[in-house]
Amino acid sequence: MAAAASTLVLLRFSPHPTLSSKPFLPLRPSPLPVRTHRLPSAAVRAALTPATDRLISAASYALPFFNSLQYGRFVFLAYPRLSLLLEPLLPVVSLYRSLPYASFVAFFALYLGVVRNPSFSHYVRFNAMQAVTLDVLLVLPLLLQRIFSPGRAGFGFQVMVWGHNLLFVFSAICFVYSLGSCVLGRTPHLPFVADAAGRQL
């Protein structure tokens, strides 16, 4: 009897479902996998950007770059060979400089005709607004120069030369980066400019 009692005790704590004290629970079917819709990658979005949007966006950055060439005179005097890189653009730059008030006309045409035109895509309008914002920022140093009049010699003149060189290099880098990004269909984000341009849209 003692052996039978010990056997019943062991069977009571057995993990077998039919002999365990826990009630038997039926197996639930495993849930079906949920399909998630993934957003297209940056490369796919770039490939889907129309060619016309790329062209208009790339051309928008010519406005601040052409207006920043005046800051590069000291760089070209120090390194004359750098002017060879601009030879393909010389006909366009000459035509741009020959037209009266070309800078103002191009500025308002880009702002009113592209940025404030809802018929263009957000990609085009953002790039145009970024180019307009960069152009406005490049005008501010000229205003400061006219106010303080650093002269043609001394420490003030040297500070002006450093400032002009820095602005030209920054503008050239922004132009090359933005042009390459627009050709590839990507969105360029310029430092100190992209956030200000995004708030205006």
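Hey, got the Cα dimensions of region 56-201 along the principal axes, in Å, largest first?
51, 33, 30
Give me Rg over Rh for region 133-201, both radii from the alpha carbons and Rh done the Kirkwood way, two decimal places.
Ratio of gyration radius to Kirkwood radius for region 133-201: 1.09.
Give me the Å³ per residue figure for the convex hull around the C-alpha atoms of region 44-93.
Residue-normalised Cα hull volume stands at 111 Å³.
What net charge is computed for the residues neighbouring L110, neighbours being all others with C-beta under 15 Å from the C-beta of L110, Lys and Arg scored +1, Asp and Glu -1?
Taking every other residue near L110 into account, the sum is 0.
Find the centroid of the Cα atoms in region 176-198 and in region 44-115, then give the distance between the two in whole Å.
14
For region 50-59, just list the computed ³J(HN,Hα) in residue order, Karplus coefficients 6.51, -1.76 and 1.60, θ = phi - 60°, integers in Hz, with x standing in for Gly and Pro.
x, 5, 5, 5, 5, 5, 5, 5, 5, 5
FYI, it's all coordinate maths here, none of it is from the lab. These numbers come from a predicted model, not from an experiment. Cβ atoms come from the backbone with ideal geometry, glycine included; neighbour counts cover every protein chain shown.
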